[in-house]
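Just below is one structure, and these are the notes that go with it.
The values are calculated or read from the model by the stated rules, or taken from the named source; none is laboratory data. A quick note: this is a predicted structure, and the numbers were derived from the prediction, not measured. Virtual Cβ from ideal backbone geometry, glycine too; neighbours counted across all protein chains shown.
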């Protein structure tokens, strides 16, 4: 079993062995879970084949682009990311895997061409954008945290301290239609849009003739200015059958996913091989430890293991009785890991980084690590 590890130089290795350059650990892990584990952009009938053409608008550091190439090695992906520090990570990650068929666009895809200023949150890079508002982002993220850990109170404010410090960069705006023409794209299997309140601008920048070449679309939509209904109507107008969903973690945030599939797109052979079958690093050689533990049920034999089991049982709302049980296999998520670190501090007065639970995933491993710190 491969574990997650992070290094000071800004490289993290995910549970599936994927190594990426990142801006911050907690956000990268959350995005990994969204893309690789929940497969949010591949729900509600979205289907792709090898050789597909995908536009990744709002690519961030490139995790969805890497997801696509991991499953469809002959894909053509066009990835747009306008924030300079984020774009640099995107570019580095694409080069890391020598993905020469990927095209990177350092632009804010919009409804007009020109220059603009874009807000960058170094500690919450995924929330950066043209319409960023620290107060709004803080309120929405607080609700997200409450959804992730409904039985915990008080930690949300602490977790958000300093997260939305702001930097401003200049960027270039381009319409999607102009980019399509410049790249000579004649067919789009999937248009993915996740651009932090700029989604209407992206859609508004698509000329009628280019709507006709889009087979499938998935958009993260913020429910402002009646936007959900307007986008539903837009997709219907262009014969893309819409469906609106909302992740459980986003209830009451006003953030939804809208999927659209062209009515005459049928019979696709959906081939999504298991993760890790195609991507191969050409840089960053990292040793990833393997777990050789027994699969037999093993009960706690130390006080620390008993305490860890009790904390995990309460946090995950399920009995934990095996020292070889893994936090994430039991339903743990990155936001619950934040709560776990707080509980460990309350119990042992030991401050642990968030990455600890990714390196020591079982009760036995985690308890042994706590013991080493506590009794050193």
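Inside the range 80-96, can you point out the residues that are surrounded by fewer than 21 Cβ atoms within 10 Å (Cβ to Cβ), within 19 Å of residue 121 (Cβ to Cβ) and in contact (Cβ under 8 Å) with a residue 24 or more places away in the chain?
84, 85
Yes/no per residue for (1) crowded, with 22+ Cβ neighbours inside 10 Å; (2) assigned to a loop (DSSP other than H, G, I, E, B); (3) at pLDDT 95 or above:
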{"position": "6", "(1), (2), (3)": "no, no, no"}
{"position": "26", "(1), (2), (3)": "no, no, no"}
{"position": "29", "(1), (2), (3)": "yes, no, no"}
{"position": "33", "(1), (2), (3)": "no, no, no"}
{"position": "51", "(1), (2), (3)": "no, yes, yes"}
{"position": "64", "(1), (2), (3)": "yes, no, yes"}
{"position": "78", "(1), (2), (3)": "yes, no, yes"}
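Can you pull out every residue in the range 127-140 that is in contact (Cβ under 8 Å) with a residue 60 or more places away in the chain, surrounded by 19 or more Cβ atoms within 10 Å (Cβ to Cβ) and within 20 Å of residue 158 (Cβ to Cβ)?
127
Looking only at the range 285-334, filter to residues that are in contact with a strand residue (DSSP E or B) (Cβ under 7 Å, 6 or more places away or on another chain) and at pLDDT 85 or above; which one of those is surrounded by the fewest Cβ atoms within 10 Å (Cβ to Cβ)?
Ranking the candidates gives 324 first.
Consider the range 319-342. How many of its residues are within 14 Å of residue 363 (Cα to Cα) and more than 23 Å from the chain's Cα centre (by Cα)?
7
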